[in-house]
Amino acid sequence: MMSIAARCGGSSPCVQATKHTVKSLVFPGGLKGLVPVAGANAPAGIRLAHTDIKIPDFSDYRRPEVVDPNKSSQESSEARRVFSYLVTGATTVVGVYAAKTVVTQFVSSMSATADVLALSKIEIKLGDIPEGKNMTFKWRGKPLFVRHRTEKEISTEVAVNLAELRDPQHDKDRVQNPKWVIVIGVCTHLGCVPIANAGEFGGYYCPCHGSHYDASGRIRKGPAPLNLEVPYYEFPDEDRVIVG
């Protein structure tokens, strides 16, 4: 085929016939509406003009200051920039407020309910506990010891030498009112419940493994490593105490 084209030459009748056939197949309606354009390696080419396509008008979406093509947009740039800043700032404020609301509601949903908070505190009437006695209450699923100490017990516990204690702690650091000792009744060894008004030191005694506590709830003998835990409490008046 190449040899035939070479022998025919660029302006031979067979090449002209081939061009006419291709034009008739590609452009059956003729070359009307086509614009010749010079190519890089060819003397001329054909390109569609697309003169029947209307260009969309975006004037409704443009700001009035930049509609006129003969007017410089730099004259209105300051006003347009201020408007953009206002929109951005307002959007940021709304977004931050919405995020704060979502986070607040999420955290609130994880907080304790009213009935749980009610169980977290216990109010005790101190007038029901005679001097020298200990009463046990249930608080947060644990035994709570409230002891009304005598003057002798107070003076004995205050005079204890801290160097003799396994978990050194002064009596005044464990009580708000010297007459009242409030501790959680759980042995610090293995979690047993000690017996009140028992043991070698007259305070609390755990019969499971032989831990002895004094009247201030401090460990004095046995395997327990720490003193009895003192919960948070406060005295609204002289006759009541609120634990928790």
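The values are calculated or read from the model by the stated rules, or taken from the named source; none is laboratory data. Keep in mind it's a predicted model, so treat the numbers as computed, not measured. Positions of Cβ are generated from backbone atoms using ideal geometry, with glycine treated the same way; all protein chains shown enter the neighbour counts. Just so you know, the surface numbers come from the protein's heavy atoms only, side chains and all, with ligands and any DNA or RNA stripped out. Shrake-Rupley method; radii C 1.70, N 1.55, O 1.52, S 1.80 Å.
Looking at (1) under 25 Å from the mean Cα position of the chain (by Cα); (2) open to solvent by less than 100 Å² (accessible area, probe 1.4 Å), find the lone condition where residue 126 falls short.
Result: residue 126 fails condition (1) only.
If I ask for residues that are under 25 Å from residue 127 (Cα atoms) and without any contact (Cβ under 8 Å) to a residue 40 or more places away in the chain, which ones from region 180-193 would you list?
Answer for region 180-193, where residues must be under 25 Å from residue 127 (Cα atoms) and without any contact (Cβ under 8 Å) to a residue 40 or more places away in the chain: just 181.
Only one residue in 171, 167 is farther than 17 Å from residue 125 by Cα, open to solvent by less than 60 Å² (accessible area, probe 1.4 Å) and in contact with a helix residue (DSSP H, G or I) (Cβ under 6 Å, 6 or more places away or on another chain). Which one? Steps first, answer last, please.
Numbers: 167 fails: in contact with a helix residue (DSSP H, G or I) (Cβ under 6 Å, 6 or more places away or on another chain).
Answer to the check: 171.
Residues in region 137-145: is at least one surrounded by 10 or more Cβ atoms within 10 Å (Cβ to Cβ), more than 25 Å from the chain's Cα centre (by Cα) and part of a loop (DSSP other than H, G, I, E, B)?
yes
Return the only residue of 193, 230, 186 being under 19 Å from residue 142 (Cβ atoms), open to solvent by 30 Å² or more (accessible area, probe 1.4 Å), touching a Pro at 6+ places or on another chain (Cβ under 6 Å) and assigned to a loop (DSSP other than H, G, I, E, B).
On the way: 230 fails: touching a Pro at 6+ places or on another chain (Cβ under 6 Å); 186 fails: touching a Pro at 6+ places or on another chain (Cβ under 6 Å).
Answer to the selection: 193.
Open to solvent by 80 Å² or more (accessible area, probe 1.4 Å) and in contact (Cβ under 8 Å) with a residue 24 or more places away in the chain, is that true of residue 176?
Numbers: open to solvent by 80 Å² or more (accessible area, probe 1.4 Å): yes; in contact (Cβ under 8 Å) with a residue 24 or more places away in the chain: yes.
Yes, satisfied.
Just to be sure I understand, how many residues within region 206-221 are in contact with a strand residue (DSSP E or B) (Cβ under 7 Å, 6 or more places away or on another chain), part of a loop (DSSP other than H, G, I, E, B) and crowded, with 21+ Cβ neighbours inside 10 Å? Steps first, please.
Just the residues of region 206-221 that are in contact with a strand residue (DSSP E or B) (Cβ under 7 Å, 6 or more places away or on another chain), to begin with: 207, 211-217, 219-221.
Now drop any that are not part of a loop (DSSP other than H, G, I, E, B), which leaves 207, 214-217.
Subset that is crowded, with 21+ Cβ neighbours inside 10 Å: 214-217.
Qualifying residue count, region 206-221: 4.
Looking at (1) in contact (Cβ under 8 Å) with a residue 24 or more places away in the chain; (2) farther than 17 Å from residue 212 by Cα, can you tell me which one residue 169 breaks?
Status for residue 169: all satisfied but (2).
Looking at region 54-80, which of its residues are open to solvent by 100 Å² or more (accessible area, probe 1.4 Å) and part of a helix (DSSP H, G or I)?
Narrowing region 54-80 to residues open to solvent by 100 Å² or more (accessible area, probe 1.4 Å): 54-55, 57-58, 60-62, 64, 69-71, 74-75, 78.
60, 61, 64, 74, 75, 78, listed by residue number.
Return the only residue of 141, 89, 132 being closer than 21 Å to residue 244 by Cβ and not charged (D, E, K, R).
Working: 89 fails: closer than 21 Å to residue 244 by Cβ; 132 fails: closer than 21 Å to residue 244 by Cβ.
None of the others qualify; the one that does is 141.
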